[in-house]
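Q: First the structure, which I've put down as structure tokens, then a few questions once you've had a look.
The values are calculated or read from the model by the stated rules, or taken from the named source; none is laboratory data. Predicted model, so just to flag it, every value in this text is computed and none were measured. So basically every Cβ, Gly included, is an ideal-geometry build from the backbone, and we count neighbours across all protein chains shown.
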Amino acid sequence: MKSSRLFTGVGVSPGIAVGPLYLLGTDLPDVSHRAISEDQVEEEIARLHGAVERVRQQLEELKDRTKTLAGPEEAKIFSAQIAMLEDQEFLGDIERLVSENQLTAERAFEFKVLEVRAVWARSSSATLRQRVADLVGIQIRVLRALIGGETDEVLNENGAPPVIVLARELTPGLTVQLQKDQVVGIASERGTRTAHAAILARSLGIPCVMGLVGCMDEVQSGATAILDGTLGTVLLDPSDVEIRNAHRREGHRLEMARELDAVLEQPSVTSDGTAVSLWANVDLPEEVEVAHDNGASGVGLLRTEFLVIGRTELPGEVEQAEFFERVGKRFAPYPVVVRSYDLGGDKFPAAFHAEREANPFLGWRAIRVCLDEPDVFRTQIRAMLRARATADVRLMLPLVTEVEEVIRTREMVGEAAAELKAEGLEFGEDLPVGVMIETPAAAALVDELAELSDFLSVGTNDLTQYMLAVDRGNARLADRFNSLHPAVVRSLKQIVDGGRRAGLDVSVCGEMASEPIPLVLLIGLGFRVMSVSPASLPLVRWLVRRLDIEGAESAASAALKARSGAEVASLLEDYAAERIDLALLGLGRLPTD
Ligand code: PEP
Ligand code: MG
């Protein structure tokens, strides 16, 4: 997206860089279509192996370099690329293209890579789709090794000022070669947060923005730009004021980073002494350690969709039980709230063969799928019961709209426990069952649902989506997706009061709990448990310690009378600005001259 001088993409590595742009041509080399004669086949295959071996050695060197610069985990990115070049099936196919179709080594290599790329690009696995850039990296290297030309896309202008590199696509090989003293920022037209190049940019501490569609054709090398890896923007030809403000924002960001480092050891209590529990939302196994290191007192939302997405078969009971137990033990003595499959909407794994629906977000989703597919649900419930033998695992139900859904689930939990007992398997009795309040129907039925539940948790992402009839994933409606809309605010009050009447803990596990201004509202309304993404934990702790209950309550009660989201935001901001230096959070206004 672009508005005159401003290009907006996705910020994938935080920080601000100011400097001249350097457009990097990492386009693929042109491969001629000439054929070879039969007596050249052997020579061509030898050329292929020579080139592959040279590239393999380059990648080994990059791997060592990455290990030193970024760490052993990041170095594994290159192990995967090396493995590809050592894959006998892959190489065998290329050899066959040379011998049977009499293609040159470069043409055969390109042909095979294009075939693999097409499969990966269409794959339902996000991981494979994101690895296409790695494949392009190998393709460039091998083709260059065969046809000649610069193998490495390194900058080599000694003495030149540090630049912001802009490329169509960043390969990991390129990214790791960018020296911090030569390159202050990185930008690309393609790629997302999870691309390997993005991971490396974060490890190397270089601000990076990806997804700047069409940017390369609109700018010229040498033009000055401000790259903001936090906001995901590139601003061309900035004024002196804009440059000064960019440096100010960077100063604030660094100060905030120091504050967040220091807060980890401090308790999560408000300035007037009320404890606010901080739990983590865990989507992927690798987030468990981050959540733990960032001081989560338990997991308030363990999403289980990763267990099935991208797989052709559903995971079995033992596999799930082991995973739940492992996470449960890691957080002992705190609880781990496992959410049953929240499938449907935009997430349907191949294993389900679900039909296309006109309105998937109002369709066969979440608890509806689980109850209609009792075998699938039973496996998951049994896994939770088995994990509960050794860990404080709890079950949470997504997208509930009917009391009957909770009643039926409880019956199934009872049946599964009886089965496990009859089978002589170890399991934990009394699996707590909680409900996500994330539909207007559940909010309206909060008293009845609370009566049937052991705990409640508000999914503010879906609650906002369904309350306001605004698709949470529609970029065009992003401004209208507002969790501070009075309808949402009043619904939150109704929910927290309902939970309180029933004597239940009500946590918040939607994104709202990790945003500074909405957090004021949640605390002011009476929520005392926040479950947030692992990376947001230090910020939420830092915020909690600056808020006071009395002030937050009076801001929240004013917000309850507001007529618009803007009015709610401004009331909360006024309160927050008295206690928090909003500039540190990038929220305050910056000088205009
Ligand atoms: C929510 O809807 O707020 C929530 C936490 O669940 P998810 O984002 O997984 O739908
Ligand atoms: Mg939800």
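Q: Note down all Cβ pairs under 6 Å where the first residue falls in region 52-74 and is in contact (Cβ under 8 Å) with a residue 12 or more places away in the chain and surrounded by 17 or more Cβ atoms within 10 Å (Cβ to Cβ), the second is of a type in the set (D, E, K, R) and part of a helix (DSSP H, G or I), and they're at least six residues apart or on different chains.
A: Once the first residue is in contact (Cβ under 8 Å) with a residue 12 or more places away in the chain and surrounded by 17 or more Cβ atoms within 10 Å (Cβ to Cβ) and sits in region 52-74, its partners that are of a type in the set (D, E, K, R) and part of a helix (DSSP H, G or I) give VAL55/ARG141; THR66/GLU74.
Q: Something else: Considering only residues of region 459-484 that are in contact with a Phe, Trp or Tyr (Cβ under 8 Å, 6 or more places away or on another chain) and under 25 Å from LYS561 (Cβ atoms), which is nearest to ligand 2 (Cβ to nearest atom)?
A: So the residue we want is GLN465.
Q: Need the failing condition index for ALA35 against (1) over 27 Å from ALA197 (Cβ atoms); (2) surrounded by 18 or more Cβ atoms within 10 Å (Cβ to Cβ), just the number.
A: Result: ALA35 passes all but (2).
Q: Does GLU415 satisfy being surrounded by fewer than 19 Cβ atoms within 10 Å (Cβ to Cβ), outside any helix (DSSP H, G or I) and in contact with a helix residue (DSSP H, G or I) (Cβ under 9 Å, 6 or more places away or on another chain)? Steps first, answer last, please.
A: Values: surrounded by fewer than 19 Cβ atoms within 10 Å (Cβ to Cβ): yes; outside any helix (DSSP H, G or I): no; in contact with a helix residue (DSSP H, G or I) (Cβ under 9 Å, 6 or more places away or on another chain): yes.
Taking the combined requirement at face value, the residue does not satisfy it.
Q: Is there any pair with a first residue in region 485-512 that is closer than 16 Å to ALA562 by Cβ and a second that is within 16 Å of ligand 2 (Cβ to nearest atom) and of a type in the set (Phe, Trp, Tyr) whose Cβ atoms are under 6 Å apart and which are 6 or more apart or on different chains, and what are they?
A: So the pair list comes out empty.
Q: Moving to a separate point now. Among the listed residues GLY424, GLY473, identify the single one that is exposed (fewer than 15 other Cβ atoms within 10 Å of the Cβ), in a loop (DSSP other than H, G, I, E, B) and under 29 Å from the mean Cα position of the chain (by Cα).
A: After ruling out the rest, the residue left standing is GLY473.
Q: Another question about this same structure. Are any residues in region 495-544 part of a loop (DSSP other than H, G, I, E, B), under 26 Å from GLU265 (Cβ atoms) and within 16 Å of ligand 2 (Cβ to nearest atom), and if so, which ones? Can you show your working first?
A: Restricting attention to region 495-544, the residues satisfying the condition of being part of a loop (DSSP other than H, G, I, E, B) are 502-505, 509-510, 515, 526-528, 533.
Checking which are under 26 Å from GLU265 (Cβ atoms) leaves us with 505, 509, 515, 527-528, 533.
Selection gives CYS509, SER533.
Q: Take the residues of region 386-405 that are in contact with a strand residue (DSSP E or B) (Cβ under 6 Å, 6 or more places away or on another chain) and more than 16 Å from ligand 2 (Cβ to nearest atom): which is nearest to TYR341 (Cα to Cα)?
A: So the residue we want is ARG394.
Q: Output the number of residues of region 443-459 satisfying the condition of being in a loop (DSSP other than H, G, I, E, B), in contact with a Leu (Cβ under 9 Å, 6 or more places away or on another chain) and either at positive phi or not small (Gly, Ala, Ser) (or both).
A: Summing the residues that are in a loop (DSSP other than H, G, I, E, B), in contact with a Leu (Cβ under 9 Å, 6 or more places away or on another chain) and either at positive phi or not small (Gly, Ala, Ser) (or both) in region 443-459 gives 1.
Q: Right, something else. Select from region 175-217 the residues that are at pLDDT below 80, among the hydrophobic types (A, V, I, L, M, F, W, C) and under 23 Å from the mean Cα position of the chain (by Cα) and list them in ascending order.
A: Matches in region 175-217: VAL176, ALA195.
Q: Which of the residues spanning region 373-388 are closer than 11 Å to GLU426 by Cα and among the hydroxyl-bearing types (Ser, Thr, Tyr)?
A: Hits for region 373-388: nothing passes.
Q: So, one more: Being more than 23 Å from ALA556 (Cβ to Cβ), surrounded by 15 or more Cβ atoms within 10 Å (Cβ to Cβ) and of a type in the set (Phe, Trp, Tyr) is the requirement here; does PHE455 meet it?
A: Answer is no for this residue.
Q: Restricting to region 184-213, name every residue that is surrounded by fewer than 24 Cβ atoms within 10 Å (Cβ to Cβ), closer than 21 Å to LYS67 by Cα and in contact with a Ser or Thr (Cβ under 7 Å, 6 or more places away or on another chain).
A: ARG202, ILE206
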